[in-house]
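Peer 1: Dropping the structure in here first, questions after.
The values are calculated or read from the model by the stated rules, or taken from the named source; none is laboratory data. Quick caveat, the model's predicted, so the values are computed rather than measured. Quick reminder, even Gly has a Cβ in these numbers, built from the backbone with ideal geometry, and neighbours come from all protein chains shown. SASA here: full protein model, heavy atoms, side chains in, ligands and nucleic acids out. Shrake-Rupley method; radii C 1.70, N 1.55, O 1.52, S 1.80 Å.
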Amino acid sequence: MGQQEKVATSLAGAVGEEISASLAPVDAELERRYPGDPGTRQPVHTVYVPGDVFAAGTVRSWGDQALAALDEHAPDAASFAAVLGLSDDLAEPVYSRVRAKLEREPIEDLRVDFEDGYGNRSDAEEDEAAARAARLVAEACEQGTAAPYMGIRMKCMEAPVRARGIRTLDVFLSGLTEAGGLPDGLVLTLPKVTYPEQVTAMVRLLEAFEKARGLTPGRIGFEIQIETSQSILAADGTATVARMIQAAEGRATGLHYGTFDYSACLGVSAAHQASDHPAADHAKAVMQVAAAGTGVRVSDGSTNVLPVGPTAQVHDAWRLHYGLTRRALARAYYQGWDMHPGHIPTRYAAVFAFYREGFEQAAARLARYANRTGGDVMDEPATAKALSGYLLRGLDCGALDIGEVARLTGLTRADLEGFSGPRRGDLTASAQ
């Protein structure tokens, strides 16, 4: 034992107490505005199906069409890997997991669309379609055939369609409530948001519904769709999207980038409207920074190049979609839109390859951190959080199995969730 050090201080205890008291409002503000990630599963994609097309068998139909596309255009692991440029060691694990996913859970998040994909119909027709959507979603949830997340995209809060959007939302939510209650995976999307006041209006609308139906206040959340330049930069130069998150009063669950509306708003010509355009990168970067720490998740947009036609044309579309999805994942956009059944094989291929190719390295680094053993990288708690989050996302989507993760890390899922970090609220509570 070495010599015991003499500990000297100069500040009275009251100094720290005064500083803590002065920062108490800031502590409360941090807790309110930046509660941290909710720790729940985030779907890897959202599928939009027009309200008049949505049917009881839509989820299974998309899976069957996707499997048929594989059978026709890439019937085995080698041919699929050749199209996408997958390495030999990834070819079979990715292909087999894609097929299993398409058979088990082809769609992770489905939105019945009453906006652009549906158009303007008579009130009677849209009422009927909204009521039908509620019935089918309720039945699917009861029968266990629903996607993990389901809901509708209503019309926006702009004056020409506002009343119609409000009524469609009311019909849909009322139908679900009367059919047995709102499902856990319910997701609502508010499109073409330009001003924070439109978000506030959505909050007031949901508050009124919850009160009318005797629901717990705050039960219903919603996504904000970013499709206009004004949603990124306001007239006064502030980031509108940050103000929108606050205007949602804790109800915002996601920010979804609308590739084509946003591009058109900026005057990007049709041939260059894509999720990797510089204008898209700027918008999503602002969304990402505004959402960081708030618990609101960011979703990329879509490609409108459909994998249809002869095999060579399908392969070209697959390569494009795969590349865009991998690009988004590297930029921490873990969700995107898919517009056609032929897109979901490459959605899952990109997601599974992303997690599987980095799996062993991430597992080894986390294991070294957990066991406090040395390595060629000095990781900190923030990196351990990122590593565990990476593995958890891989587990949630089916890219990884808990057995192989446990084998390489020596950790359980609960351990991973512990490393991913408590929410800021949990930290505050534990300190009190």
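Peer 1: Got a sec? Which of GLY425, GLY394 is touching a Pro at 6+ places or on another chain (Cβ under 8 Å), within 30 Å of ARG32 (Cα to Cα) and either modelled with pLDDT under 95 or not acidic (Asp, Glu) (or both)?
Peer 2: The unique qualifying residue is GLY425.
Peer 1: Only one residue in ALA24, ALA82, ALA55, ALA8 is aliphatic (A, V, I, L, M), more than 27 Å from the chain's Cα centre (by Cα) and not in a helix (DSSP H, G or I). Which one?
Peer 2: Just a single option satisfies the conditions, and that option is ALA8.
Peer 1: Now for a separate question. Residues to consider are GLY63, GLY2, GLY36; find the one that is in a loop (DSSP other than H, G, I, E, B) and under 39 Å from the mean Cα position of the chain (by Cα).
Peer 2: GLY36
Peer 1: Check ALA399, ALA350, ALA386, ALA382 and return the single one that is open to solvent by 40 Å² or more (accessible area, probe 1.4 Å) and closer than 25 Å to GLU223 by Cβ.
Peer 2: Answer to the selection: ALA386.
Peer 1: Considering each residue of the range 89-143, count those that are of a type outside the set (Asp, Glu), under 24 Å from the mean Cα position of the chain (by Cα) and in a loop (DSSP other than H, G, I, E, B), and give that number.
Peer 2: 5
Peer 1: Something else: Considering only residues of the range 283-304 that are among the polar types (S, T, N, Q) and closer than 24 Å to ILE344 by Cβ, which is most open to solvent (accessible area, probe 1.4 Å)?
Peer 2: So, considering only residues that are among the polar types (S, T, N, Q) and closer than 24 Å to ILE344 by Cβ, the one most open to solvent (accessible area, probe 1.4 Å) is ASN304.
Peer 1: Can you pull out the residues in the range 296-345 that are assigned to a helix (DSSP H, G or I), of a type outside the set (A, V, I, L, M, F, W, C) and in contact with a Leu (Cβ under 7 Å, 6 or more places away or on another chain)?
Peer 2: Those that are assigned to a helix (DSSP H, G or I), of a type outside the set (A, V, I, L, M, F, W, C) and in contact with a Leu (Cβ under 7 Å, 6 or more places away or on another chain): ARG319, TYR322, GLY342, PRO345.
Peer 1: Can I ask one more? List the residue pairs whose Cβ atoms are under 6 Å apart, where the first residue sits in the range 189-202 and is open to solvent by less than 30 Å² (accessible area, probe 1.4 Å), the second is part of a helix (DSSP H, G or I) and not hydrophobic (A, V, I, L, M, F, W, C), and the two are 6 or more positions apart or on different chains.
Peer 2: VAL193/SER231; THR194/GLN230; THR194/SER231; PRO196/ARG243
Peer 1: Related question: Could you please tell me which pairs satisfy a Cβ distance under 9 Å, a separation of 6+ or placement on different chains, a first residue in the range 43-60 that is touching a residue at least 40 places away in the same chain (Cβ under 8 Å) and in the same structural domain as ALA147 (by the TED database), and a second residue that is among the acidic types (Asp, Glu) and loosely packed, with under 15 Cβ neighbours inside 10 Å?
Peer 2: That search, which allows pairs on different chains as well, returns ASP52/GLU125; ALA56/GLU139.
Peer 1: Exactly one condition in (1) of a type outside the set (Ser, Thr, Tyr); (2) surrounded by fewer than 19 Cβ atoms within 10 Å (Cβ to Cβ); (3) over 27 Å from LEU255 (Cβ atoms) is false for PRO160; which is it?
Peer 2: (3)
Peer 1: Sticking with this one: Among GLN230, GLN246, which is the only one that is under 15 Å from VAL193 (Cα atoms), free of Cβ contacts under 8 Å to residues at least 40 places away in the same chain and in a helix (DSSP H, G or I)?
Peer 2: Values: GLN246 fails: free of Cβ contacts under 8 Å to residues at least 40 places away in the same chain.
The unique qualifying residue is GLN230.
Peer 1: A further question follows. Taking the criterion of being over 23 Å from GLU207 (Cβ atoms) and either in contact (Cβ under 8 Å) with a residue 40 or more places away in the chain or not in a helix (DSSP H, G or I) (or both), would at least one residue in the range 153-161 satisfy it?
Peer 2: yes
Peer 1: In the range 274-294, which residues are in contact with a Gly (Cβ under 8 Å, 6 or more places away or on another chain) and either assigned to a loop (DSSP other than H, G, I, E, B) or touching a residue at least 40 places away in the same chain (Cβ under 8 Å) (or both)?
Peer 2: The answer is SER275, GLY293.
Peer 1: Checking TYR257 against (1) closer than 22 Å to VAL44 by Cα; (2) surrounded by fewer than 19 Cβ atoms within 10 Å (Cβ to Cβ), which test does it fail?
Peer 2: Condition not satisfied by TYR257: (2).
Peer 1: From the list ALA234, ALA317, ALA279, which one is buried (at least 16 other Cβ atoms within 10 Å of the Cβ), assigned by the TED database to the domain that holds GLU158 and within 22 Å of the chain's Cα centre (by Cα)?
Peer 2: Just one listed residue meets the conditions, ALA279.
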